[in-house]
Structures are given as structure tokens and as C-alpha cells.
Amino acid sequence: MSQFLKSLKARPLLGDGAMGTMLVRHGLGRGENPELWMLSHPEEIKKIHHAYLAAGSQVLQTNTFGANSLKLQDYQVASKVKEINLTAAKLAREVVGNSAFVAGIIGPTGHFPAPLGDITWSDLVDVFKEQAIALEEGGVDFLFLETFLDLGEIRAALFAAKTYTSLPVACSLTYTKGRTLTGTTPEVAAVVLSAMGADLIGANCSTGPQDLLEVMKAYRQYTNLPLLVEPNAGMPELVNGETVFRETPEHMSAFVEPFIDSGVSLIGACCGSTPEHIRAMSEKMSAAIAQQKHLHTPAWTLQFPTRLSSRTKIVKLGQKEAPVIIGERINPTARKLIAEAYRSGNWSVITEEGLAQIEAGAPLLDVNVGVPGLKESNLLVLGVRHLQMALDIPLVLDCTSPEALEKGLQEYQGKALINSVNGEEKSLEAILPLAKRYGAAVLGLTLDEKGIPETAEGRLKIAEKILQRAHAHGLPKEDVLIDCLVLTAAVSSTLAMETIRAISLVKQHLGLTTALGLSNVSHGLPQRSWLNSSFLALAIAAGLDAAIANPLDARIKETLFASTLLAGKDPGAKAYLTLAGSSAVIPAATAASHKEASLEALNTCIFNGQQEKIVPLVKELLTKTDLLSIIHLGIIPPLEKIGNLFANGEAYLPQLMLSGDAAKAAFDFLKQYLPDNASAQKGTIVIGTVKGDVHDIGKNITAALLENHGYRVIDLGKNVPADEFLRAAKKEKAEIVGLSALMTTTMIEMQSIIDIIKKEDSRIKIIVGGAVVTPEFAREIGADGYGKDAVEAVRIVAALLKEN
């Protein structure tokens, strides 16, 4: 164990405060790149480190937040990644010597991994690899991945750090109202990042300390890892042209002890904080330790059930959790419809099948892409991408090819279940390392080189072997599930009962979560549902936790709920009574004209992001109704619906983008029937990120959503000077200019842009947005509107254009 991790176990440590705030104090000019400025001002960086060290910091952070090739290429200095990271690490080490620890800071790239973004996961890994290796060479004590907005991107950074360095790794995400930008909660982050091997997890930036205290409490319920926290000194405000943070050192320091009580081992501060804040926090921490409080951080030993997750949702299995159905229908082996969809690339068929199973009650989906003649590794990548964008549910990757599994696990932005590994040596050595490397759980089949043992005791022995080998590879007990395997009752009904006995033995002797491919029991026999449901009842009584089955089979669902109640896993019979009280009859659809039904179908496809069906539906509608009805009744309503759900925290960025892309497909097709200036008639918006700021995720989302609503958007990109906004607005005859900024050092650039544009043409309306921008700031600088997110920006644009 590293000295840094040993120190965390002994007592809480105090980090430092904001680097950006201090850089401005020490001369960083507006719009200048902090990492490049460091190369010509090394002594100023050392002064900042000295100030924090003198204030009591025990961990100092390198000035490398944006020192990755993707960000540096915006300044034409991508070749300086190694130089910048080495320099920053060495400057910090010169200051602290051995008196404090040095954290090598790695920030986000500004790009989401595909399909949400424009870069592959493996390319992101290469970007983070380059920075991580340079920081390790520079002598940092651990790598600190901070201010990440997306679980997929931080997975890539964590994988690179763990694979290509020997350093401990801390992972920190940024939350707004308890979720990241792409919808991940602290609970989900805890499950996924813990499984992938993070040494320390937490949150930074976001808001002030009160909100992050709640985030820490949520983390603590889902991980035994040490926690970290770095709140802002409040949200930024503009006062007399200067950015001000209102949280005082005294107020922030008051949260030190509550953070420690919540299990936080590393406490620092983020935007707007200074050595004065750290000094006050140091005094509070010292006082607590002097009173013999928190001299040793507690060893957290929470016992967890099996936990799988998507980007936004956790499903628990085992222990006292009720048994569940793993939807089995995305499987081409016996389903020609699925096989043909894979062959033709018709992913809407696959996502519709997944959605139907979810609506039928399956909380997990088994995904099998094994089609003869097609490359499994390519199909699994595409399958994972499409399903995790469209469906908010954990996936079970049903694949035994190590090559395909690795590619699928790279794409999956959650914690998957691998189906499967078995007791054969080649399987154990190929699959278990993948599960550990990518943070997945494994389903172990009780067979080996000799086949499936006839006795329950023989299957238990193989289960023991799988568990032992999983432990040797670093997988915890809760990430090992066992399938005791059932053969068809057509061969021997006694063998089916051995499976039941085996489930019971695995539960009694190993305490593992169990799953079972249910339908094998009825293979080759008539009335398969009878056998499947009866066998499910027996298996649940023996301790089965999950059945891979057809959730659309009503008899299966009824048996699941009844057996769960009788097995004592449905407290108060809530689930059973809910099912029993629901109508078994699906009411017939009300009579409607073909025109209305088609518009409704278009609504559904756009809402669910089913792009493949859009153009055929629109073509059909054009033969039955007018173009404006298609737009105003077929396209706009589902966009508004998903937008409202997004605003209320009930839908997340992937679903929003998927719906937006589907709407854009409809608009793009209809453009040929629109007058040439139709988009301009609806409104033209010039949008860009202000000078000095190279963050454009929020801006890109807003631009895409505006286009999806039929507006004409001129995207100037990032790091855009004030005169370029004005020039573009005049040239394109824009009614609205949108300004974006993510950094406190660049948000003040908005003021000068507004002044220039308003002076030249007061008719042009200006809206502003970005993570650091507040409604108060927007009002103070004279903006006509403030968009807290892309959905709100679209609403503001519509309102402003009506005013015109």
C-alpha cells in the first residue's frame, strides 16, 4: 500500500484550494491558458503552492487540470503534454519535499465517449494514458481525476490510470441536484468506480459544502472506499466587474467535522477558495484531532448484495432482495427476427424488444449477438451503444468470446454482468481478468472440462472453484453469481431436481447470488410455459435470485410474484398485491383516424429515439396530412415532453440527445418540402464559447437541440473573440446570440461581448449559459436570458423570438 493511502487510513487529510482563483491573483490574464502560463511563470506557481502549504494543506495539487492533448490542441500545443505535466509535478514536489503529498490532477477532455460524444472510448484512454504517465514520471503521489461530468469519460480515465501507472487513483465527479450532467447519481458512481479499482472517490466543484455533504452521505451507503470532497466557495457572482464567491472561510470550515463524520478522508476546496479558507479548515481539523476525535478514520465494512448498474440505475440481487427476471429475448439463436435485425443493422427492432421486456417488468436485459457469419466483437459494441443510449437499464453481456467481451465492456458505461465464465481453465483465465479490469460481475456456470456434473455436490465443487479463482483475481464475493444449470426434463426429471438441490447447496455453503437459464428445463417439450413457471417456483424456494426468462410470459410473471411472497422476500405482500390488483386485460385502443394514429406513432418514435422508423413514418404522413401538422403535432410535442422530463430530473442527457437526433432526422427529411428560408424564418442563432474557454459540451448540446427544434444555428465553436460574435451575427442576420462559459476566469468575458453587440445592434438578443453562470450574473451583465441547460435555452429562444 502506498504511503498516501496508509496516511488516509490513519487520519483525515486536508487538501488545498482553488488553483484558478490563485492564478488570477498571481497575474494570469483573461483568456490565457493556465498550463502554458505556468511554463513561463514557474515561480508564481511555487508561490501558490507555498501559500497553501503554509495554510495547512497536506495534499497539494498540480496545475494540470487541462493538460491533456485534446484541450491543448486548441492552443496548438498538443505536443507539450509531457513537458507541462512533468513541469507541474516537479514544481509541486520542489515545494513540499516530503512534508506533504502531491496529487497529479487530471481533468476532463471536454469530450464524451461515443455514442453520446464524438470520440471512442479507446481514444480517450490513450489521451489520459499520456497525461497519467507523465505525472507519475514527475513524482506525484497519486492521480486525482477531478471535475468529471460523465461516468463514461471518468471510466476511461480510471482505466488508463490503473493500467499504465502504479499510482493510487482518486475519482471525483461534479453533481447538480444530486446527478452528473449525464444523469449519474453518487450511488451509481460508487458502485461502478469501486468495481473498476478506484482507491478514493468523491465530488468536487458542483456547489457549496451543504449540497456536497448530502452527496457524501449517499456515497457512504454504497462503498467502503475512502471519500474525498472539494466544495466551491459558493457559486460565482459578478461584483463591479469581478468574480466573487460568497462562502467565507468560517462558513466552509464549519463543514469539516460533518464531512469527517460522513466518512470523508480527504477534504479540500474548489472554485473561489483561497489559502484563507484552507487555514480555517485546518484549524477545525486540528481541533477535532486534538480532542482525540477522528484520530483514526473508521474502517468501513458494509456488506453489499450483488449490484449491477447502467449509467443511471442500480439493480440489486441476492441477500434479502426479491428475485428478478433477466429478459432473455434479445437473442438470435432461436429468434429469426432478432437475427435478421442484426444482419440488416435495424437497431430499432433490438431496442424495441428491450423496451417491451422492461415494460413487462424485467430490470435486467441479457444481450446476445452471436449470429453466424457476423463478427461478434463489432456487433456487441454496436449493441451496447444503442441499448445503453435508448434504455435506462443494466445489461448482461451474453458472450464467451474474450475479444468481443472486452470491446463490449469498454463501451458499457455502468457495471455489467458477464454471462458467462465456467470451471474450465481456459474460461477462468480469459474471463475473470476482464471482469476485474472493467469492473464487471460474472455469472459462473457449474461445468468444467468434464461437462456438467450429475450431482448437486459436483456442481457445488465447481462453484467453489470459480469463487476461489475470482477472489485470486481480486473480484469480491458479491460479484460472483452462480448458474447451477438445468437440462431439459425431456431427458430426466431427476436431473432437474439436482439443479434445485445445487442452488440450495450454493446458498448454504457459499452464500453466493444465484441465477439460472430457466427455459432449458422445457426444451423439446410441449406447453413450455407450464414447466418453466413450475420450475421457477421450485428454484425460488431453493434460493434463486435471478431467472433468465421471458418476462412477456404472464405465467412466469405470476409465478415470480407469488413465489417471492411465499419465500418471504415481499414484505407486506406489496409487489404481489400490486400485480394482483392490476387488470390482466389490456384495453383496446380507442378508435382514431389513420392520420392521428400515424402522428402518435411519430410522437412515440421521436420520444424513444427510434431513428430508423422516422423517415418511413414521415413519408406516410405526407400523403395524409399537411407539413405544418407533422411538425407541430408529430415532432414538437415529444421534444417538449422529453425536455420537461429532463428539466425535472426524470430523463437524462442520453435520452434527450437520442430524441433530439430522431427529431432532426424528421426535420432533415422535411427540409426538401420547406421553403428555402424556412429555418431562417423561424430564427437564426449564433452560438459559441467565449474567448479563453475551450469547454464546449454544453454549447454543443444546446446547438444540437436548437437545430432539432427547427432553428438555424451558426456554431462558432470555442475560444471565440468578441468581435467574431458580432461579425457573425451581422453577416447571418441573427436574432439571437448565445454565449457559453464553463470557467470563472472566462465568464467575465461575456460582459464585453454583450456591450459590443448591444452598442452595434440593440435588436439582437443575447442569452448566456454554462456551469458557472447564474441567473444573477446574467442579469448583472445585461443578458436577455439565462439558460441553465439546453432545454431551458430552447424555451428562452422561443420566447425571445416571439417578443421580436
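The values are calculated or read from the model by the stated rules, or taken from the named source; none is laboratory data. Note that this is a predicted model, so its numbers are computed, not measured. All Cβ positions, glycine included, derive from the backbone under ideal geometry; neighbour counts span all protein chains shown. Heads up: the accessible areas ignore ligands, DNA and RNA and are worked out on the full protein's heavy atoms, side chains in. Shrake-Rupley method; radii C 1.70, N 1.55, O 1.52, S 1.80 Å.
For this structure, a couple of remarks:
- The listed residue being assigned to a helix (DSSP H, G or I), at pLDDT 95 or above and under 23 Å from the mean Cα position of the chain (by Cα), out of Ile358, Ile338, Ile326: Ile358
So that you can scan it fast, the table gives a plain yes or no per residue for (1) among the polar types (S, T, N, Q); (2) in contact with a Gly (Cβ under 8 Å, 6 or more places away or on another chain):
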{"residue": "Thr165", "(1), (2)": "yes, no"}
{"residue": "Arg179", "(1), (2)": "no, yes"}
{"residue": "Ala198", "(1), (2)": "no, no"}
{"residue": "Ala218", "(1), (2)": "no, yes"}
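- Single match in Arg307, Arg311 (criterion: at negative phi, in a loop (DSSP other than H, G, I, E, B), crowded, with 22+ Cβ neighbours inside 10 Å and touching a residue at least 12 places away in the same chain (Cβ under 8 Å)): Arg311
Results for (1) aliphatic (A, V, I, L, M); (2) farther than 30 Å from Met657 by Cβ; (3) under 20 Å from the mean Cα position of the chain (by Cα), shown as yes or no for each residue.
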| residue | (1), (2), (3) |
| --- | --- |
| Trp37 | no, yes, no |
| Gln58 | no, yes, no |
| Lys71 | no, no, no |
| Ser79 | no, yes, no |
| Ala89 | yes, yes, no |
| Ala92 | yes, yes, no |
| Ile105 | yes, no, no |
| Thr109 | no, no, yes |
| Glu136 | no, yes, no |
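- Residue count, segment 16-42 (criterion: under 21 Å from Thr744 (Cα atoms), in a helix (DSSP H, G or I) and not β-branched (Val, Ile, Thr)): 10
- Some residue of segment 592-611 being closer than 29 Å to Gly787 by Cα, open to solvent by 70 Å² or more (accessible area, probe 1.4 Å), at pLDDT 85 or above and out of contact with any Cys (no Cβ under 9 Å at 6 or more places or on another chain): no
- Scanning segment 11-30 for residues that are surrounded by fewer than 16 Cβ atoms within 10 Å (Cβ to Cβ) and either modelled with pLDDT under 90 or of a type in the set (Asp, Glu) (or both) gives Gly29, Arg30.
- Only one entry of Gly56, Gly17 meets the criterion of being touching a Pro at 6+ places or on another chain (Cβ under 7 Å) and closer than 23 Å to Ala170 by Cα, and that entry is Gly17.
- Any hit, segment 695-711, residues being closer than 24 Å to Asn33 by Cβ, touching a Gly at 6+ places or on another chain (Cβ under 7 Å) and aliphatic (A, V, I, L, M): yes
- Taking the criterion of being polar (S, T, N, Q) and at pLDDT 90 or above, the residues of segment 558-591 that qualify are Thr559, Ser563, Thr564.
- Yes/no for Ala189 being in a helix (DSSP H, G or I) and closer than 28 Å to Gln303 by Cβ: yes
- Residue match in segment 415-422 (condition: surrounded by 22 or more Cβ atoms within 10 Å (Cβ to Cβ) and in a helix (DSSP H, G or I)): no
- Test: Gln61 is polar (S, T, N, Q) and at positive phi: no
- Per the listing Ala546, Ala541, the residue uniquely modelled with pLDDT of 95 or more and more than 22 Å from Leu355 (Cα to Cα) is Ala541.
- Strands (runs of 3 or more DSSP E) completely within segment 206-301 that count 1 or more residues being open to solvent by less than 10 Å² (accessible area, probe 1.4 Å) and in contact (Cβ under 8 Å) with a residue 12 or more places away in the chain: 227-231, 236-239, 264-267
- Matching residues, segment 369-398, being open to solvent by 20 Å² or more (accessible area, probe 1.4 Å) and more than 23 Å from the chain's Cα centre (by Cα): Gly370, Pro372, Gly373, Leu374, Lys375, Glu376
- Boolean, Ala472 is more than 30 Å from Pro115 (Cβ to Cβ), surrounded by fewer than 23 Cβ atoms within 10 Å (Cβ to Cβ) and touching a His at 6+ places or on another chain (Cβ under 9 Å): no
- Which numbered condition Ser401 fails, given (1) out of contact with any Ser or Thr (no Cβ under 8 Å at 6 or more places or on another chain); (2) closer than 26 Å to Ile119 by Cα; (3) open to solvent by 10 Å² or more (accessible area, probe 1.4 Å); (4) of a type in the set (Ser, Thr, Tyr): (1)
- Selection count, segment 160-177, where residues are outside any strand (DSSP E or B) and in contact with a helix residue (DSSP H, G or I) (Cβ under 7 Å, 6 or more places away or on another chain): 7
- Looking across segment 160-179, just one residue is over 24 Å from Gln3 (Cβ atoms), open to solvent by 10 Å² or more (accessible area, probe 1.4 Å) and in contact with a strand residue (DSSP E or B) (Cβ under 7 Å, 6 or more places away or on another chain), and that is Thr174.
- The residue list Ile697, Ile685 contains one member that is buried (at least 20 other Cβ atoms within 10 Å of the Cβ), farther than 22 Å from Ala601 by Cα, out of contact with any Asp or Glu (no Cβ under 8 Å at 6 or more places or on another chain) and not charged (D, E, K, R), which is Ile697.
- In segment 489-512, residue modelled with the lowest pLDDT [restricted to those that are small (Gly, Ala, Ser) and open to solvent by less than 10 Å² (accessible area, probe 1.4 Å)]: Ala496
Okay, residues lined up against (1) among the β-branched types (Val, Ile, Thr); (2) over 29 Å from Ser401 (Cβ atoms); (3) at pLDDT below 95; (4) touching a helix residue (DSSP H, G or I) at 6+ places or on another chain (Cβ under 7 Å):
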residue: Leu445; (1), (2), (3), (4): no, no, no, no
residue: Gly451; (1), (2), (3), (4): no, no, no, no
residue: Ala456; (1), (2), (3), (4): no, yes, no, yes
residue: Leu467; (1), (2), (3), (4): no, no, no, yes
residue: Asp483; (1), (2), (3), (4): no, no, no, no
residue: Leu487; (1), (2), (3), (4): no, no, yes, yes
residue: Thr514; (1), (2), (3), (4): yes, no, no, yes
residue: Leu525; (1), (2), (3), (4): no, yes, yes, yes
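- Filtering segment 513-543 to residues that are open to solvent by 40 Å² or more (accessible area, probe 1.4 Å) and small (Gly, Ala, Ser) leaves Gly524, Ser534, Ala541.
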